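The values are calculated or read from the model by the stated rules, or taken from the named source; none is laboratory data. Predicted model only: the values in this text are computed from it and were never measured. Neighbour counts run over all protein chains shown; Cβ positions are idealised from the backbone, glycine included.
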């Protein structure tokens, strides 16, 4: 089996339609709406049962969780295989400790279970697989050739986003009086805290004697986190659909300063997205 499997070759059946993430979040038809003639704000806001579009928004988010779990399973599986234990090989494939491979295998087990749970939850919420589009930015972060950057991009940034999303869905299930959704999201949330903690621990262990590599990894994480903020979809503003779950991130090894930086990154992403949406509106309306 070949190493470093490219995103273009991921197997999907005819139900799945891919839409680039930046095209999706900057689409002027679904991101922002005009208010009071000149100002703009989040058209949807925080995910609560009171939102007029709450059922569809929750189903769309659940579908996004499902495809994310597929890609997380694929990414963790690749990390198990793509790197060598010991001295590496003749082609210069980076080496990783065997214990890291064991952690990634454990994560594969978790993600496979999450796929099954997400399929059943989607059915519970009245969603068909493939009803919403798929983007592949999750798996793309798992294609980095450096195992340290892959861990920061996937286990700290991507799984960190999963903490925020699962916590949002758990709270939505509680508010909506849906104990099935609340229980399942709480169960998966506990796994995501473990996954992020593994990434935090391995980042420090693999770069303990190489601070320059650690700095590069954290810079890469900041880039990925900005993309994963989805133009302000995840943040700490009152109208952010997905809120930063500080308490669970702390359990996963994030320091307060890191979470402050992440909140600032989310604000930057939102500001840039607002500007891009405005440009798109001008282009659409002429």
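Filtering segment 157-169 for residues that are without any contact (Cβ under 8 Å) to a residue 60 or more places away in the chain, part of a helix (DSSP H, G or I) and buried (at least 20 other Cβ atoms within 10 Å of the Cβ) leaves an empty set. When 61, 47 are screened for being assigned to a loop (DSSP other than H, G, I, E, B), modelled with pLDDT of 60 or more and surrounded by 16 or more Cβ atoms within 10 Å (Cβ to Cβ), only 47 passes. None of 237, 250, 256 is surrounded by 14 or more Cβ atoms within 10 Å (Cβ to Cβ), at negative phi, modelled with pLDDT of 85 or more and out of contact with any helix residue (DSSP H, G or I) (no Cβ under 6 Å at 6 or more places or on another chain) except 250. Every condition in (1) touching a helix residue (DSSP H, G or I) at 6+ places or on another chain (Cβ under 9 Å); (2) closer than 27 Å to residue 60 by Cβ is met by residue 203 except one, and the failing one is (2). If you check residue 173 against the conditions, is it more than 27 Å from residue 105 (Cα to Cα) and either modelled with pLDDT of 80 or more or exposed (fewer than 14 other Cβ atoms within 10 Å of the Cβ) (or both)? Yes: the conditions hold for residue 173. Filtering segment 194-210 to residues that are over 18 Å from residue 94 (Cα atoms) and surrounded by fewer than 24 Cβ atoms within 10 Å (Cβ to Cβ) leaves 194, 197, 198, 200, 201. Reported count of residues in segment 94-107, each being within 21 Å of the chain's Cα centre (by Cα) and surrounded by fewer than 19 Cβ atoms within 10 Å (Cβ to Cβ), is 2. A single entry from 112, 72, 57, 76 fulfils the requirement of being out of contact with any strand residue (DSSP E or B) (no Cβ under 9 Å at 6 or more places or on another chain) and free of Cβ contacts under 8 Å to residues at least 40 places away in the same chain: 112.
On the stretch given as segment 120-138, residues that are assigned to a helix (DSSP H, G or I), at pLDDT 90 or above and buried (at least 16 other Cβ atoms within 10 Å of the Cβ) total 2.
Any residue in segment 139-150 that is without any contact (Cβ under 8 Å) to a residue 40 or more places away in the chain, under 21 Å from residue 19 (Cα atoms), in a helix (DSSP H, G or I) and touching a helix residue (DSSP H, G or I) at 6+ places or on another chain (Cβ under 9 Å)?
No - not one qualifying residue is present in segment 139-150.
Just checking, does segment 242-251 include any residue being part of a helix (DSSP H, G or I) and touching a residue at least 60 places away in the same chain (Cβ under 8 Å)? Yes, that holds for at least one residue. Taking each residue of segment 196-210 that is at positive phi and free of Cβ contacts under 8 Å to residues at least 60 places away in the same chain and looking for partners that are buried (at least 21 other Cβ atoms within 10 Å of the Cβ) and assigned to a loop (DSSP other than H, G, I, E, B) with beta-carbon atoms closer than 8 Å, six or more apart or interchain, yields nothing. Might you check whether a residue that is crowded, with 21+ Cβ neighbours inside 10 Å and farther than 12 Å from residue 157 by Cα occurs anywhere in segment 215-230? Yes, the conditions are met somewhere in segment 215-230. Scanning segment 182-190 for residues that are surrounded by fewer than 17 Cβ atoms within 10 Å (Cβ to Cβ) and under 16 Å from the mean Cα position of the chain (by Cα) turns up at least one hit.
Comparison of 91, 23 shows that the only residue that is under 19 Å from residue 140 (Cβ atoms), exposed (fewer than 14 other Cβ atoms within 10 Å of the Cβ) and at pLDDT below 70 is 23. In segment 263-286, the residues that are at positive phi and assigned to a helix (DSSP H, G or I) never reach a residue that is modelled with pLDDT of 80 or more and surrounded by fewer than 16 Cβ atoms within 10 Å (Cβ to Cβ) with C-beta atoms less than 9 angstrom apart, at least six apart or across chains.
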